[in-house]
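Okay, structure first, notes after.
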Amino acid sequence: MQYRKMGSLNWEVSALGFGAMRLPARRFSLMGADQEASMRIIRSGIDQGINYIDTAYPYHLGESEKVLGETLKDGYREKVHLVSKLFMPLVRKADDFDRYLDIQLERLQTDHLDVYLFHALNVSYFDKVKQLNLIEKMEAAQQAGKIRHIGFSFHDTLPVYKQIIDFYDWDVTQIQYNYMDTAVQATTEGLQYAHSKGVAVVIMEPLKGGTLANPPAEAKAVMDTSPVKRTSVDWALHFLWNLPEVSVVISGMGSQQMVDENCASADTSGIGSLSAKEEYTIAQLAEIYRSKIMVPCTACKYCMPCPYGVNIPQNFALLNNLSSVNGTIRRMSARSGYRKLSGSKTKLDMANPNGNADMCIQCGICVEKCPQRINIPVELEKVHAIMGKHEKIGKYFGW
């Protein structure tokens, strides 16, 4: 494992961090986490050198923190920097800060967090931080020894990001960044701005919710012709590790294979390690992906559960997958996944949401939760038109 400087903090962090948002699913529960399988792969990652673990209050409907509490027994807690987040949608008054932090510490079976983040700050949640004086709450928890370092994760635009960075002397910031998202949300300028202030920059969504791990044929062809042979995941991770502004890259790993492959990739990481030809390959890949994607969903599942049983991320994944395949047979196969989703209330499984896009009643609850600012009901209409009614993609996406 390679280690990097953690901003202005006095410790080094593993190039690869373990994100506990996409742990192995518990049988018969897509939202739950399989404790035994999760413990096994997390401990394996730590044994291979990972020392940064990231979770949050709502991940796996609260089961992520509980699983980590069990996983980090037997001396593993002392081997890692443990990070969780204050889930801002649940905060209504200042006292909620203490209540949720105490719940999280109990779940995690620890007396302190190494980093505590305001979760998914945008302009409205940032206003809430100021109105409820939550910075003071953070500092009080820090003085009480419950948290070591203060930060925030972010989903909004560059002007908002710079405003938040300038508001406080943050220790850590967590942003969505990958070779497709250099000009959205915090952007490259925001990444560099935070670094210039001495703030440790943590990267989430390095694979854009798995999108960059499943390349279309054109992207595979570019990789095949490169003199440097890497998997699609390796290309995405090394793009980030090449940057001096990046402290740690969080990967949401859900299998032993992912852990082993990503740790092996991290072993060969380094700042400034990519050649000009490799950087050009990545630029080509980014252009191909951007031309293919229709709905910028990262499958973060913040929109879930849908009160009407729609599996929102799966519907968007099916549509995006349709755009990346060629040939009648392959497209028919891509559409078959949509037919397997339920279009009937009587066949809905609310415990494991299986509704197709036509089950959306446009209540709009999901829109407020989406970090990508996707107008989910509108996009679901397009999904059903294309996947359910077999209308042409070009009618909706200009293809």
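The values are calculated or read from the model by the stated rules, or taken from the named source; none is laboratory data. All figures in this text were calculated on a predicted structure; none of them were measured in a lab. We place every Cβ from the backbone using ideal geometry, glycine too, and count neighbours over all the protein chains shown. Accessible surface areas use protein heavy atoms only, side chains included; no ligands, DNA or RNA. Shrake-Rupley method; radii C 1.70, N 1.55, O 1.52, S 1.80 Å.
So in the range 369-381, with the set limited to residues that are touching a residue at least 24 places away in the same chain (Cβ under 8 Å) and in a helix (DSSP H, G or I), which one is farthest from F152 (Cα to Cα)?
In this case the residue turns out to be E381.
Give me the residue from the range 81-105 that is open to solvent by 10 Å² or more (accessible area, probe 1.4 Å) and in contact with an Asp or Glu (Cβ under 9 Å, 6 or more places away or on another chain) and, out of that set, farthest from I50 (Cα to Cα). First the steps, then the outcome.
Step one: list which residues in the range 81-105 are open to solvent by 10 Å² or more (accessible area, probe 1.4 Å), which gives 81, 87, 89-90, 92-95, 98-100, 102-103, 105.
Then keep just the ones that are in contact with an Asp or Glu (Cβ under 9 Å, 6 or more places away or on another chain); that gives 81, 89-90, 94, 103, 105.
Details: H81: 9, P89: 30, L90: 31, A94: 34, I103: 25, L105: 21 Å.
Among those residues, the one meeting the criterion is A94.
One residue is enough: does the range 223-236 have a residue meeting the conditions open to solvent by 10 Å² or more (accessible area, probe 1.4 Å) and under 26 Å from A194 (Cβ atoms)?
So the first thing to find is which residues in the range 223-236 are open to solvent by 10 Å² or more (accessible area, probe 1.4 Å), and the list is 223-225, 227-234.
Add one more test, that the residue is under 26 Å from A194 (Cβ atoms), and what stays is 233-234.
Yes, the range 223-236 contains at least one residue that is open to solvent by 10 Å² or more (accessible area, probe 1.4 Å) and under 26 Å from A194 (Cβ atoms).
Report the residue count in the range 83-139 for those that are not in a helix (DSSP H, G or I) and not β-branched (V, I, T).
Filtering the range 83-139 for residues not in a helix (DSSP H, G or I) gives 83-87, 91-94, 109-122, 132-133.
So of that shortlist, the ones also not β-branched (V, I, T) come out as 84-87, 92-94, 109, 111-114, 116-122, 132-133.
Adding up the residues that qualify gives 21.
Determine which single condition V228 fails, assuming it passes every other condition in (1) over 24 Å from M294 (Cβ atoms); (2) part of a loop (DSSP other than H, G, I, E, B); (3) touching a residue at least 60 places away in the same chain (Cβ under 8 Å).
Condition not satisfied by V228: (3).
Any residue in the range 187-198 that is basic (K, R) sitting within a Cβ distance under 9 Å of a residue that is part of a helix (DSSP H, G or I) and modelled with pLDDT of 95 or more? List the pairs, counting only those 6 or more apart or interchain.
What qualifies is K197/I165; K197/D166.
Given the range 13-80, what strands (runs of 3 or more DSSP E) lie entirely inside it while holding 1 or more residues that are in contact (Cβ under 8 Å) with a residue 24 or more places away in the chain and more than 17 Å from the chain's Cα centre (by Cα)? Step through it out loud before you land on a result.
Working: elements: 16-19, 29-33, 52-54.
Where strands (runs of 3 or more DSSP E) fall fully within the range 13-80 and carry at least 1 residues being in contact (Cβ under 8 Å) with a residue 24 or more places away in the chain and more than 17 Å from the chain's Cα centre (by Cα), they are 29-33.
I'd like to verify a number: residues in the range 357-368 that are open to solvent by less than 40 Å² (accessible area, probe 1.4 Å), within 30 Å of Y161 (Cα to Cα) and part of a helix (DSSP H, G or I), how many?
Just the residues of the range 357-368 that are open to solvent by less than 40 Å² (accessible area, probe 1.4 Å), to begin with: 357, 359-360, 364, 366.
Next, only the ones that are within 30 Å of Y161 (Cα to Cα) stay: 364, 366.
Remaining after also requiring part of a helix (DSSP H, G or I): 366.
Residues flagged as open to solvent by less than 40 Å² (accessible area, probe 1.4 Å), within 30 Å of Y161 (Cα to Cα) and part of a helix (DSSP H, G or I) within the range 357-368 amount to 1.
Can you confirm whether the range 42-60 contains a residue that is open to solvent by 50 Å² or more (accessible area, probe 1.4 Å) and under 30 Å from N311 (Cβ atoms)?
For the range 42-60, residues open to solvent by 50 Å² or more (accessible area, probe 1.4 Å) and under 30 Å from N311 (Cβ atoms): absent.
Quick one: Y177 ticks every box in (1) surrounded by fewer than 23 Cβ atoms within 10 Å (Cβ to Cβ); (2) under 14 Å from the mean Cα position of the chain (by Cα) bar one, so which box is it?
So the condition that Y177 fails would be (1).
I need every pair where a residue in the range 337-360 that is touching a residue at least 60 places away in the same chain (Cβ under 8 Å) has its Cβ under 7 Å from the Cβ of a residue that is surrounded by 15 or more Cβ atoms within 10 Å (Cβ to Cβ) and of a type in the set (S, T, N, Q), sequence separation at least 6 or different chains.
If the second residue must be surrounded by 15 or more Cβ atoms within 10 Å (Cβ to Cβ) and of a type in the set (S, T, N, Q), the pairs left are P353/N311.
Restricting to the range 167-210, what's the tally of residues that are in a helix (DSSP H, G or I) and on the phi > 0 side of the Ramachandran plot?
Taking the range 167-210 as the starting set, the residues that turn out to be in a helix (DSSP H, G or I) are 167, 187-196.
This time we only want the ones that are on the phi > 0 side of the Ramachandran plot, so: 187.
Qualifying residue count, the range 167-210: 1.
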